[in-house]
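Before any comments, here is the structure.
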């Protein structure tokens with residue numbers, strides 16, 4: 001145990017590494033979160049042979065060797081991260097009472113890991129869907145607080161005037177479920193790709209993901225969506241896959257995805273496309 005007054009330091013100070021150490025210990029059944037924090041500060045916990053006696057500390061439970069009082073903590077299941085090109089007609093939920101075909105039914109990962117979708121694409125939409133067993137990363141990718149933007153290719157029947165596009169960008173009020181009060185959507189970014197008398201094709205970037213949000217926003221202004229496809233999530237782009245195919249993320253893709261998901265508030269940026277700009281990351 002470190003002596004009182006001893007300056008404490010360790011190597012696990014990067015919050016992009018993974019979850020907090022006390023959470024990993026608590027999830028493994030060591031004790032309550034507070035009890036685990038006390039064990040850390042008493043010097044009872046080591047990571048990769050290094051005593052970690054100060055908080056905060058972040059670890060990768062799939063890779064790091066964690067021990068409490070010299071006894072190794074069992075490693076959790078290896079994290080798996082899969083990109084799927086979800087077709088229309090497939091639901092992005094693991095529990096569907098109607099028995100429809102699910103996104104996870106298209107992915108037969110050799111590890112046998114139990115995967116779940118990160119966010120949702122409604123049954124009538126297609127495009128990039130991430131599946132994983134990494135709950136910490138999934139939370140970061142779906143919670144609006146962390147501002148990991150998603151980019152959608154939207155086809156709307158008829159001509160959408162500039163005034164309606166500006167209204168959508170500023171945010172509009174959507175009714176709540178079952179008569180609950182409506183709330184305003186967050187600001188978004190739009191870019192027109194093609195517009196004529198029969199249809200408007202555009203890119204729309206969102207930092208939140210309400211149920212059928214884009215369809216509801218356009219419907220609210222009298223422009224029903226004809227086709228919706230997600231083409232990007234953070235740094236991940238829908239490339240190299242046919243409809244219904246999947247692949248694991250590459251190491252550089254996963255590293256950049258984690259970098260964006262675990263940014264500090266100062267590092268987060270506003271939406272990155274405009275009607276005159278270019279889609280995707282800079």
When residues of region 3-19 are limited to those that are in contact with a helix residue (DSSP H, G or I) (Cβ under 9 Å, 6 or more places away or on another chain) and at negative phi, the one modelled with the lowest pLDDT: 8
Residues (touching a residue at least 40 places away in the same chain (Cβ under 8 Å), touching a helix residue (DSSP H, G or I) at 6+ places or on another chain (Cβ under 8 Å) and either in the same structural domain as residue 135 (by TED's automatic domain parsing) or within 27 Å of residue 261 (Cα to Cα) (or both)) located in region 20-54: 21, 25, 52, 53, 54
Count of residues meeting criterion [surrounded by fewer than 16 Cβ atoms within 10 Å (Cβ to Cβ) and under 23 Å from residue 191 (Cβ atoms)] in region 211-220: 2
Residue check for residue 139: in the same structural domain as residue 210 (by TED's automatic domain parsing), touching a strand residue (DSSP E or B) at 6+ places or on another chain (Cβ under 6 Å) and surrounded by fewer than 20 Cβ atoms within 10 Å (Cβ to Cβ): no
Flag if residue 38 is at pLDDT 90 or above and farther than 26 Å from residue 265 by Cβ: yes
Any strands (runs of 3 or more DSSP E) falling wholly within region 6-117 and containing at least 2 residues that are more than 30 Å from residue 235 (Cβ to Cβ): 45-47, 66-68
Among (1) surrounded by 19 or more Cβ atoms within 10 Å (Cβ to Cβ); (2) within 23 Å of residue 26 (Cα to Cα) - the single one residue 90 does not satisfy: (2)
Residue 71 vs. criteria free of Cβ contacts under 8 Å to residues at least 24 places away in the same chain and either in contact with a strand residue (DSSP E or B) (Cβ under 7 Å, 6 or more places away or on another chain) or crowded, with 19+ Cβ neighbours inside 10 Å (or both): no
Candidate set from region 139-166 (those that are at pLDDT 90 or above and part of a helix (DSSP H, G or I)); member that is nearest to residue 79 (Cα to Cα): 141
Residue check for residue 207: surrounded by 15 or more Cβ atoms within 10 Å (Cβ to Cβ) and without any contact (Cβ under 8 Å) to a residue 40 or more places away in the chain: no
Some residue of region 167-188 being free of Cβ contacts under 8 Å to residues at least 12 places away in the same chain, under 30 Å from residue 24 (Cα atoms) and outside the structural domain of residue 58 (by TED's automatic domain parsing): no
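The values are calculated or read from the model by the stated rules, or taken from the named source; none is laboratory data. Worth saying up front: this structure is predicted, and the values here are computed from it rather than measured. Glycine also receives a Cβ, built like all others from the backbone with ideal geometry; neighbour counts cover every protein chain displayed.
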